[in-house]
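Down below is the structure, laid out as C-alpha cells.
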Amino acid sequence: MPDCLRVASPAAQTAKAPQFQAGDAEEPPDAVPYGAWSTTLRFWYSQEIDYGHRFLFIPFWLGLGAFWWFALLNPPKIFIVTALACAVGMAAIRRTHTDGFIHACLISVILFLLGAALAMFQTHRSSTVILDQSVTTLVSGFVTAREIDERGRIRYTVTLTETDDPVLKRLPSSATLIARTRHDPVDIGGGITGRARLSPPSGPALPGLNDFAFASFFRGIGAVGYFYGAPKAKPVARNATVFRHALEDMQARVQGMRIAIGDRIRGTIGGDAGAIGAALITGEERSISRDALSALRDSGLAHVLAISGLNMALAAGTFLVGARAVLSCIPGLAHRFSIKKVAAIGALIMVTAYILISGAAVSAVRAWIMICIMLIATLFDRPSISLRNVALSAIIILVITPSAVTGPGFQMSFAATLALVAGYARWRISEPAEGTSQHLPRLFQVLRTVKIAAAGLFISSLIGGVSTLIYAAGYFHSIPAYGLVGNVVTMPLISIVIMPCALIAMLLMPLGLDTYPLLLMGACLDMVLLVALEVASWGGQTLTGRIPALAFFFIGTGGIVACLFRTRLSLIGVAMILSGILALILSARAERPHVLVSEDGKLVGYLNDAGIATNRSKPPEFIYDQWRKALIIEETFAPVVQTATGIIVSSAKSKERLTLSQRDIQIIRKDIAAVFEKGPTRSFTCAKNLWCAGITERSTKIIWFEQPALADTACDLADIAVTPSMLRMNKCRTGAKLISGRTLRQTGALEIYAGTSANGRAQLHIIPAIQSLNRPWNRHRAYDWRTNSYVEQGEGEQEKAELSPAPTFSDIDAPDPQAYPEP
C-alpha cells in the first residue's frame, strides 16, 4: 500500500507526536532549519505526516485532475493518460523507501491522472444525444419527473421513445418540457404525447459563463422546450430489461411520493411559505415566487433552499436527540443496549429516506454521505466530525460523478464544510475547565451557554460566508451585501423550530397528524421571509462582475490548501489567495467588450460608459441578466423605433415570409445611412421586424437585420452585420464581419472588441463562447441533419478558426433556466 494512502492508527499517531492533539492549531515546538528551500519543505512535510492528513489530499488531486480534463479544448487520449500514469507509478514504486517527499509528489501526479481518467470514463458512459437545432415535432415518451412552478405550469422530464412529423434522426434520450395549458397532470411513469417545440440546451451567454449543455449532457437531458397546448396521456411501450423495468418502477414510486409530499405541504401551509417548506423537504423550488426567491438571494438565505449539510445535519441531529430521549424513558433499556447506537441506526434510515425524496442534488448527496459516515462512526465509537469524513465523502462523489467538480453545488458545499470543520479544529471556542462552571451561579451558567451559542452561530455564519464568497462571485457574479446579518437572525429559527417541525411532520404524515407541525413551520417560515425582505431592502446584492480564471483558481485552490495543511505549509494557501486577489485587482483595469451577440443572434448590444444599447425593448431576461451581472451593466438604453417609410409589414406572424422589392431595399438603405450620419449614439434605431442600426463610441457601425434579403445592404454599410437567419453566405465581400444563425450555431455567443485599422475599417477582436466542437456536449453543433453527418472542417469551422480563445476557466454546471422561449 502506498505510504501516502496509509492511515496510521490513533495510537501510532500519538506515539509519533505526543505533543499534538486532534484539533490543536499550535505548531510543533521543533525549530525550522533555515537553509535550502527543499530541506525546509521536507521538514514541514515530515511534520504534516505526524498529523496524518495525507489522506485528505486524495480528493484534492482527484478533483483537480477531473477539472483539468473537463476544461481542456482537446483532451489527450486515454492511452496517453494511462501510459503516463504507469510511468509515474513505476517511478513512485522505486521511491517508496528512499525519499518520502518525492514519493508523495509522484503519488499526487498519479491521483491527478486518475481524476482525469475518471472524467473520461464518465463522459464515455454518458453518451447523451443532444438535439442539434430547434424543431417542432410530435413527441411521445414516458414521464420520469414532474414539477409545478408558481404560475401553475408543469415541467415534465420525459424519456422520449418516438417523434413524428417530422421524425428525428437523432432522437434525444430525454427532454424537459413545460406544459402551460391547464390539464390533468400525467402520472410519473405514465406515457405522454403532444406537439412540442424542442431546442438544444443553451450554451454560455458569454464566454466563460455557465454552459447549460454541459450540465444537460451529464444529466442525460438532450433537449428543452414546451408543449403546444395540453399534453395527453398515452400508453407507451418500453423496451427495457426486467431489472431496468423494476428500477424505473421504483424510481416512479419515489417520485410519486415526492410529489405527494410537496403537494401536501403546499396545500397545508400555502403561499410562499408553503413553497419554501416543500423545497426544504423535497427540493422542489420552482413553485416559489420570483419575489420571494429574489429576497432570499439578496439576503444571503438562498442556501437554505438547497438541501445540504445544514438541512441534513439538523434533521439527523433532531432525530438522534429525540430518539435517545424517548428510548431513555423505557425502564431498563438503556442498561441492556446502547441507546445512542440504536438512535444512530434510526437516524441512518431516516436520512436515507430524506435523500430519496429530496431529488438527490450534489449538495444533498454530499451531505447524506457525510452524515452516514458520521453515524456509522458513532456505531464503532469513532470521532464523528473530522476532515477525514469530508474527504471520504468527496472521494465517493468524485469516483461516481467526477463532472460534479465543475459545478457550484459541489464546490460551494465542500468549501463551506471544509472551512467549518477546519476552522472548528483550529479556532474552536474554548470550553471552561472541568468543574469551573459548576461553581458559578445558575444565572451566569445560563448566560455563558447563551454567549457560547451566539458566538458559535456568528463564527459559523462568518466562516461559511467567507469560504463560499469566491464561488458566488465566480458563478453568479454577485454577493449578498448583508448576508451575514440575515443568517445570524434566521439561523436560530431554522435550527430550533423549522427543521424539527419538518421532521416531526414527516414522521406523522402517514398517520394524518402532520397539520399542526406544518402550520407552526409555516408561521416561522413567514418570519424568515419577513427578515429576508427587510435585509434585501437594505442593499440587495453587490455585483462583482466576471472573475478572471487565474484569480478564481488561485483563491479557490488556496483556500483548500490553507485548510488542509496544519503546519507552515498552509502559508502556501495564503500566498495563493493573495496572488488571486492581486490578479483580481489587476483585472479591474481590463477593457470591457464593445459588442455582445447572443447565441441565437436575436439579441445584440453595444456598451458605452453609461450602459448598454440593445436591439430589443425587452431583452430576454435569462440572457440579459447574465450579461448585466457579468459586465456590471448599470443602465439599458432601449431602441428608438421608427416607421419604415413606404414598407408595409402586415403582422409579426408574416415577418419571416416578407418579400422585399428592390425599391424597398433602397429605401431601407437610405434610412440606415441616415442613422449612421448622426454619428455615435446611445441607442439603436430600429424599424420593426426589419432592421436595427447603431454606432458605438469607437465609431463601429452595427446592423442587425431579420430578413435575409437585407444581407448585402448590411454588408455594404456596416462593420458588423448580425442576423438570426441561417444564411448560406458566410462572409461579406466588403470585408465587414457577417454573423448569422449559421455561424453562431458553431461559435455560440460572441464578445467583440473593436479598434480602428489604417484603412478606416473597424479592426475586430472576436471571442466565441464555444471554443471546440470536439467535446461531446458541443458535438451536436457540427451535425448536419440533411446529410446525417458531422461537419468536420466546414465553413463554420473556418470562421471559428479566425476567432481568439476565450478567458474561460471551465465548462461548468449550473441549474437549468426557468424560462423558455415563447411560441
Ignoring ligands and nucleic acids, what accessible area does Asp712 show with a 1.4 Å probe (Å², nearest 10)? 70
Between His183 and Leu727, what's the calculated FRET efficiency when r is the beta-carbon distance and R0 is 56 Å? Round to 0.05. 0.90
Label assignment, log10 I(q)/I(0) by the Debye sum over Cα atoms at q = 0.06 Å⁻¹ derived from the structure, set [x] -0.78; [y] -0.46; [z] -0.63: [y]
Report, in deg cm²/dmol and to the nearest 500, the calculated mean residue ellipticity at 222 nm for the chain, where each DSSP H run with n ≥ 4 adds -39500 (n - 2.57) and the sum is divided by the residue count. -15500 deg cm²/dmol
Which order, highest average first, do 199-207, 125-133 follow once you tally other Cβ atoms within 10 Å for each residue and take the mean per peptide? 199-207, 125-133
Rank these residues by their accessible area, most exposed first, probe 1.4 Å: Arg775, Arg698, Arg546, Arg195. Arg698, Arg195, Arg546, Arg775
Heavy-atom accessible area ranking, 1.4 Å probe, most first, across Arg153, Arg779, Arg589: Arg589, Arg779, Arg153
In nm, give the distance between the simple-model label positions of Val450 and Val321, each being 7 Å from the Cα along the Cα-to-Cβ direction. 1.7
So what is the relative contact order for segment 561-715, in percent, with contacts set as C-alpha pairs under 8 Å and at least six apart? 17
Order 573-581, 403-411, 103-111 from most to least packed using the mean count of other Cβ atoms within 10 Å. 403-411, 103-111, 573-581
Cα centroid of segment 661-738 to Cα centroid of segment 532-574, whole Å: 44
What figure, in Å² to the nearest 10, do you get for the accessible area of Lys737 with a 1.4 Å probe and non-protein molecules left out? 40
Would you give the gap between the C-alpha center of segment 591-632 and the C-alpha center of segment 350-376, rounded to a whole Å? 40
At 0.36 nm per residue, minus the direct Cα-Cα distance, what do Lys688 and Thr352 gain on full extension? Give it in nm, one decimal, please. 115.3 nm
For Ser174, which sequence-distant residues (separation of 5 or more, or a different chain) have an amide H within less than 5 Å of its own amide H, given hydrogens modelled in the peptide plane? Leu160, Gly222, Ala223
What does the highest-first list of 247-260, 277-290, 135-148 look like by mean Cβ count within 10 Å? 277-290, 135-148, 247-260
Mean separation of Cα pairs under 8 Å and 6+ residues apart, divided by the residue count of the chain: what relative contact order is that in percent? 13
Ignoring ligands, DNA and RNA, what accessible area per residue does the chain give at 1.4 Å, in Å²? 48
Explain nothing, just the number: dipole magnitude of the chain about its Cα centre with +1 on each Lys and Arg Cβ and -1 on each Asp and Glu Cβ, in debye rounded to the nearest 20. 840
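Taking all protein chains as present, what is the carbon and sulfur share of the accessible area of the chain, in % to the nearest whole number, probe 1.4 Å?
Ligands and nucleic acids excluded, carbon and sulfur give 62 percent.
The values are calculated or read from the model by the stated rules, or taken from the named source; none is laboratory data. On a predicted model such as this, the values are computed, not experimentally measured, just so you know. Every residue, glycine among them, receives a Cβ derived from its backbone with ideal geometry; neighbour counts consider all protein chains shown. Side chains included, ligands, DNA and RNA excluded: accessible areas come from the protein's heavy atoms. Shrake-Rupley method; radii C 1.70, N 1.55, O 1.52, S 1.80 Å.
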